[in-house]
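The values are calculated or read from the model by the stated rules, or taken from the named source; none is laboratory data. On a predicted model such as this, the values are computed, not experimentally measured, just so you know. Here the Cβ positions follow ideal geometry from the backbone for every residue, glycine too, while neighbour counts run over all protein chains shown. Surface accessibility is based on the protein's heavy atoms, side chains included, excluding ligands, DNA and RNA. Shrake-Rupley method; radii C 1.70, N 1.55, O 1.52, S 1.80 Å.
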Amino acid sequence: MAAAVVALMLVAPRLREPALRINALLDGYALVLMALAAIHAVLLVSRRKRQEQEASRMSWLVAAPIDPSARRRWIVLNVLLAASRHFAIVLAVLGVLTLLSGSFAAIPAGLIAAGFCVGALVGWCLPPRDYFQHEESRYSRKLRSQGSIRPSDRALSHWPIAQAFARHRPENSRYILLAALCAVQGGSSMLVGLSVVVTWLLATYLVILLQATLRVGRDAAAWLQSTPLGFVQFAWPLARRSFAHQAIGSLVMSGIGLGQGAPPEMTGQLLLLWLTLVASVTTISLADSYRQQSSHLKLWLTAAGIAAVEWRQQGWGVLLALLAAIWHVRIAMQEKT
């Protein structure tokens with residue numbers, strides 16, 4: 001930590017001008033940042049509250065004579081701790097910007113804090129859902145049966161895609177479709193409006209597919225832990241179909257952007273950066289899941305580092321992502337050898 005502070009102080013004069021531009025950008029989009037902070041807090045607190053309640057009901061101490069108020073206080077404490085960790089990351093980023101630029105973005109910081117607090121209260125007050133959100137349904141594609149009894153990894157490779165399809169049920173995707181329709185500018189042609197809606201839906205599917213791949217990797221690593229399965233045999237089935245969908249969806253979005261007049265060079269750079277980021281994040285998450293380690297903070301820091309390096313010097317972020325993925329693959333392949 002001390003070395004990081006010293007390094008930051010050494011490079012601070014060179015980063016002063018970019019930090020001032022970032023502060024000006026934060027001032028211009030303060031209301032948008034407040035809305036994003038509120039949405040993130042709602043999702044975070046409601047999900048964490050549901051997880052803590054489910055863990056309390058499934059605990060082996062459920063029959064113990066413990067005061068219900070003590071259980072509620074424990075749930076509140078855990079939810080508050082999770083929300084505080086996320087808010088501390090935002091404060092750390094604002095603190096680094098203040099150290100680099102010499103000026104504190106008071107208005108964006110206050111609006112972000114207000115939005116986060118309001119969103120946390122709304123997320124806590126949301127009623128629990130009475131149905132399981134990702135149950136098997138007609139919205140997830142069924143696998144064809146095989147004539148052979150030889151074990152296959154086809155089910156494992158389809159699992160992330162099936163979860164992503166299940167999350168795109170009408171009651172879940174209606175809000176995304178509403179936001180996509182609102183993004184179409186008035187007076188646009190039918191082709192432009194259709195392109196905007198398709199781009200929104202594709203981008204949402206790719207993000208949800210990435211989340212599903214990371215979640216399925218953690219679950220699969222937990223129930224395959226006792227098997228002598230190597231890392232390549234574990235990670236390749238999970239990542240191959242998911243990455244193929246990512247590549248196809250990204251190419252379609254790039255084609256739409258080029259058709260609407262986007263610069264080819266910028267479109268190609270964004271396509272390469274996204275696919276490299278997906279490959280790096282997926283590899284790091286699967287490697288840490290295979291080693292039974294948590295990777296949440298590492299993934300956020302990796303993504304932020306890749307974006308910062310790419311913003312500073314185009315092309316270097318892709319190289320950093322590849323090096324991080326190769327390093328984690330090397331460590332994971334030595335786990336059970």
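In region 30-129, which chymotrypsin sites (Phe, Trp or Tyr not before Pro) are in a loop and have at most 10 other Cβ atoms within 10 Å, using DSSP for the loop call?
Values: sites: Trp60, Trp74, Phe87, Phe104, Phe116, Trp124; in loops: Trp60, Phe104.
Filter output for region 30-129: Trp60.
Give the relative contact order (percent, whole number) for region 16-117; include only Cα pairs under 8 Å separated by 6+ residues.
Values: 70 pairs, mean separation 59.3, N = 102.
For region 16-117, the relative contact order is 58 percent.
Taking a probe of 1.4 Å, how large is the accessible area per residue of region 244-287, in Å²? Don't skip to the answer; put the middle values down first.
Working: 2000 Å² over 44 residues.
Value returned for region 244-287: 46 Å² of accessible area per residue.
For region 229-271, what does the convex hull of the Cα positions come to per residue, in cubic angstrom?
It is 51 Å³ per residue.
I need the shape label for region 242-337. Rule: rounded when a/c is under 1.5, else prolate if a/b > b/c, else oblate, with a, b, c from the alpha carbon gyration tensor. Before the final figure, lay out each step's value.
Values: a/c = 2.82, a/b = 1.88, b/c = 1.50.
In terms of gyration-tensor shape, prolate.
Report the Stokes-Einstein translational diffusion coefficient (µm² s⁻¹, integer) for region 178-337, Rh taken as the Kirkwood radius over Cα pairs, at 37 °C with viscosity 0.692 mPa s.
Values: Rh = 17.2 Å.
Stokes-Einstein gives a translational diffusion coefficient of 191 µm²/s.
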